[in-house]
């Protein structure tokens, strides 16, 4: 057993029980039956806040921005959700719906830290863990049930570990695919555990509204309802040809997902595809028509995006500016170059050009600014300075790496470019 | 021990054993002050916005802390803020983040009067601050 991978050990265990091997493979596809677990922490942020502060126990809590400003709800405790409060809602509206709610600011460093602790726990149960957000993850538990006696036991063991170590509850779904596991984890919440086989999918999942299926957004929902598909069962029963005609290849994929087939595997962090773009955006604390403030914000955003690209050794050649006016109308303007860049100043000059053109379109104040870079590629290691580069050019090329080194050692706030100071955190 | 407020802390030195809730030594003159809370004669905490639903007051005040290193962890057990000593009855949350190469550690703590605070230990600066206090 020494030196063998986790999967080798499971395969070996299964091979030693030949009578069971046939049942692990699908007669339909010939592929091994996959079993996927979805873990969804219950009101994660609110639960952490409640744990920290005994005065919050049992109270209606809203975690997020202030109702005095432009804050939005990050999470609402279960006591608050029954008033109709949900993530993404404005804090002001949440206060109107639940005047007795207690509003608490987000403690993102803590949530990130605890999320990393959760991933460590997940890895005790499976080597393949795909964290899709700070409070949700998929685990590939194919072949694991034997180790715990049953999938239910495995689910309960995981929940107990989380509760004992972190004093948090979660809801768990186990099913053949990621999408079904995610639907399953939402069936009984909070602190639920739902294990679905084919019969379970038919009885529990198929009657659910099709909007509950991961991947069905508002636009898709409208079209599905137009062709009479209201439940997940309706979608599973719909001929794939019809779905392909209405939605293209995505429609066929959606139909297969509803049938519990044809879906991607759980991906570990090493297997996740490279990022396609990197960006940052900021909702301004107040609507702004001051050009200097807007330019300072853009400079700050370019600094953050470029820093992130350099940290991951990327450069990009398509730059996109996002601008939202005070009436919530949002525009994006993009430009693509032949060469890639990761230079803060260069990026800022490009974005400034896009901004100058964009603000001519309206006299309204600006509410939100965003910068993103796409068409990313990995850079060569240690690109040399050109032999004939001027001293100015050399100094400019050394500025970003020097600032990066300072920030790597002392933190992000150790140095700010002067022009970003107006807009910094 | 003129001018010093901390006792000798380990068994065998004549002092009681140190630990949470152990009736340990009084560490600062003036210990046992009134409970913390707005309007109780305690120190002013700063004005919050009228009608503001936020119940945490954000601060960045330096504090003096007595902490133990035990079970491979750092744990604060007492702190002094605005001339008042708070004996920590529970650490209800702890986490850390990297600031460059250095670690900043956060502790959510509850004192014996159920006042709730957030303490921060900056390893680079080797100092403690209080970053939040719960105000009702």
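Conditions (1) without any contact (Cβ under 8 Å) to a residue 60 or more places away in the chain; (2) in contact with a strand residue (DSSP E or B) (Cβ under 7 Å, 6 or more places away or on another chain); (3) loosely packed, with under 13 Cβ neighbours inside 10 Å, marked per residue:
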residue	(1), (2), (3)
A:307	no, no, no
A:311	no, no, no
A:314	no, yes, no
A:318	yes, yes, no
A:327	yes, no, yes
A:342	yes, yes, no
A:347	yes, yes, no
A:355	no, yes, no
A:358	yes, yes, no
Within the stretch A:258-294, the count of residues that are surrounded by 14 or more Cβ atoms within 10 Å (Cβ to Cβ) and assigned to a helix (DSSP H, G or I) comes to 3
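Rundown of residues vs (1) exposed (fewer than 13 other Cβ atoms within 10 Å of the Cβ); (2) within 12 Å of chain B (Cβ to nearest Cβ); (3) modelled with pLDDT of 95 or more, yes/no style:
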{"residue": "A:51", "(1), (2), (3)": "no, yes, yes"}
{"residue": "A:56", "(1), (2), (3)": "no, yes, no"}
{"residue": "A:87", "(1), (2), (3)": "no, no, no"}
{"residue": "A:92", "(1), (2), (3)": "no, yes, no"}
{"residue": "A:99", "(1), (2), (3)": "yes, yes, no"}
The residue that is farthest from the other protein chains (Cβ to nearest Cβ), considering only those in the stretch A:58-82 that are out of contact with any strand residue (DSSP E or B) (no Cβ under 8 Å at 6 or more places or on another chain) and not in a loop (DSSP other than H, G, I, E, B), is A:78
Selection from the stretch B:75-93 of residues out of contact with any strand residue (DSSP E or B) (no Cβ under 6 Å at 6 or more places or on another chain) and either surrounded by fewer than 20 Cβ atoms within 10 Å (Cβ to Cβ) or within 14 Å of another protein chain (Cβ to nearest Cβ) (or both) yields B:82, B:83, B:84
Flagged in the stretch B:116-131 as surrounded by fewer than 21 Cβ atoms within 10 Å (Cβ to Cβ) and within 12 Å of chain A (Cβ to nearest Cβ), in numbering order, are B:120, B:122, B:123, B:124, B:125, B:131
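Would you mind stating whether residue A:115 is part of a helix (DSSP H, G or I) and within 14 Å of chain B (Cβ to nearest Cβ)? I'd like the intermediate steps shown before the answer.
Details: part of a helix (DSSP H, G or I): yes; within 14 Å of chain B (Cβ to nearest Cβ): yes.
Yes: the conditions hold for residue A:115.
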Residue hits (the stretch A:148-172; free of Cβ contacts under 8 Å to residues at least 24 places away in the same chain and in contact with a helix residue (DSSP H, G or I) (Cβ under 9 Å, 6 or more places away or on another chain)) are A:148, A:153
Checked the stretch A:83-105 for anything more than 24 Å from the chain's Cα centre (by Cα) and part of a loop (DSSP other than H, G, I, E, B); matches are A:83, A:98, A:99, A:100, A:101
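The values are calculated or read from the model by the stated rules, or taken from the named source; none is laboratory data. These numbers come from a predicted model, not from an experiment. Please note: Cβ atoms are built from the backbone with ideal geometry, for glycine as well, and neighbour counts cover all protein chains shown.
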